[in-house]
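Novice: Here it is: the structure, laid out below.
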Amino acid sequence: MIELRDLKDEDEAVLFQWRAEPEVDRWMSDAAFPSHEAHAEWFESLRNDPDMRGWMIVRAGAPAGLLTLTGLQSHHRRAGWNWFVGAADARRRGVGRAAQVLGLDRAFGELGLHKVFAEVMADNDAALKAQSASGFRREGYLRGHVLKNGEPRDVVLLGILAEEWAELREEARRSLSDAHLIAA
């Protein structure tokens, strides 16, 4: 089963290790791999800043990835959405899609957001497919929007509104529950 849980102290080291892996780093839009000190500061902010929320994606009880929302204090009731599957054995097994469904439930239910939006590297086919399957719609395309290793990379803008999620929610949850990826 896939679940989202609140972050724990020991997650900081796991996230830093995943972030150092080329398969994870290649999709990060950060300018460069952070120092351990910078990573620890980011992790502390993620846990304590009311403008941010983060959850560990857990698969069969083991950490598998991270899902975050940023910009939660906006009066627009929207937030930026980021996620990744860090554990190599959890990739391409529906973990990202399941985590997104659980995260969208939290974003629109628990947090009362109106919109969730994301910026995804244009060549990250797996993330684009997973987010589309969860109901995100393409809202734009930004050419050369981020620099990765000094090279300009294109980004796809995606978004989903609360009312769109309300229409998709039951079927998305049922599909994942039937596949034994999330609890009913």
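The values are calculated or read from the model by the stated rules, or taken from the named source; none is laboratory data. Every value quoted in this text rests on a predicted model; they were computed, and no experiment measured them. Using ideal geometry, Cβ is built from the backbone for each residue, glycine included, and neighbour counts are taken over all protein chains shown. Accessible surface areas use protein heavy atoms only, side chains included; no ligands, DNA or RNA. Shrake-Rupley method; radii C 1.70, N 1.55, O 1.52, S 1.80 Å.
Novice: For the condition of a type in the set (D, E, K, R) and either open to solvent by 80 Å² or more (accessible area, probe 1.4 Å) or without any contact (Cβ under 8 Å) to a residue 12 or more places away in the chain (or both), what is the one hit in Arg169, Arg143?
Specialist: Checking each option against the conditions leaves just Arg143.
Novice: Got a number for residues in segment 147-161 being within 17 Å of the chain's Cα centre (by Cα) and either surrounded by 18 or more Cβ atoms within 10 Å (Cβ to Cβ) or modelled with pLDDT under 95 (or both)?
Specialist: Quick first cut of segment 147-161, residues within 17 Å of the chain's Cα centre (by Cα) only: 155-161.
Pick out the ones that are also either surrounded by 18 or more Cβ atoms within 10 Å (Cβ to Cβ) or modelled with pLDDT under 95 (or both) and you get 155-156, 158-160.
The qualifying residues number 5.
Novice: If you check Ala40, Ala20, Ala62, which single one turns out to be out of contact with any Lys or Arg (no Cβ under 7 Å at 6 or more places or on another chain), over 22 Å from Ala172 (Cα atoms) and surrounded by fewer than 13 Cβ atoms within 10 Å (Cβ to Cβ)? Quick ask: steps written out before the conclusion?
Specialist: Details: Ala40 fails: surrounded by fewer than 13 Cβ atoms within 10 Å (Cβ to Cβ); Ala20 fails: surrounded by fewer than 13 Cβ atoms within 10 Å (Cβ to Cβ).
Checking each option against the conditions leaves just Ala62.
Novice: Let me ask something else. Give the residue, chosen from Arg97, Arg91, that is within 14 Å of the chain's Cα centre (by Cα) and open to solvent by 50 Å² or more (accessible area, probe 1.4 Å).
Specialist: Details: Arg91 fails: open to solvent by 50 Å² or more (accessible area, probe 1.4 Å).
Of Arg97, Arg91, the one residue that is within 14 Å of the chain's Cα centre (by Cα) and open to solvent by 50 Å² or more (accessible area, probe 1.4 Å) is Arg97.
Novice: From the list Gly135, Gly96, Gly103, exactly one residue is touching a strand residue (DSSP E or B) at 6+ places or on another chain (Cβ under 6 Å) and assigned to a loop (DSSP other than H, G, I, E, B). Which is it?
Specialist: On the way: Gly96 fails: assigned to a loop (DSSP other than H, G, I, E, B); Gly103 fails: assigned to a loop (DSSP other than H, G, I, E, B).
That would be Gly135, the only listed residue that is touching a strand residue (DSSP E or B) at 6+ places or on another chain (Cβ under 6 Å) and assigned to a loop (DSSP other than H, G, I, E, B).
Novice: Could you please find all residues in segment 100-114 being among the acidic types (Asp, Glu) and surrounded by 15 or more Cβ atoms within 10 Å (Cβ to Cβ)? Walk me through how you get there before you give the answer.
Specialist: Filtering segment 100-114 for residues among the acidic types (Asp, Glu) gives 105, 110.
Correct list: Asp105 only.
Novice: If you go through segment 115-127 one residue at a time, do you hit one that is at pLDDT 95 or above, crowded, with 22+ Cβ neighbours inside 10 Å and part of a strand (DSSP E or B)?
Specialist: Yes, the conditions are met somewhere in segment 115-127.
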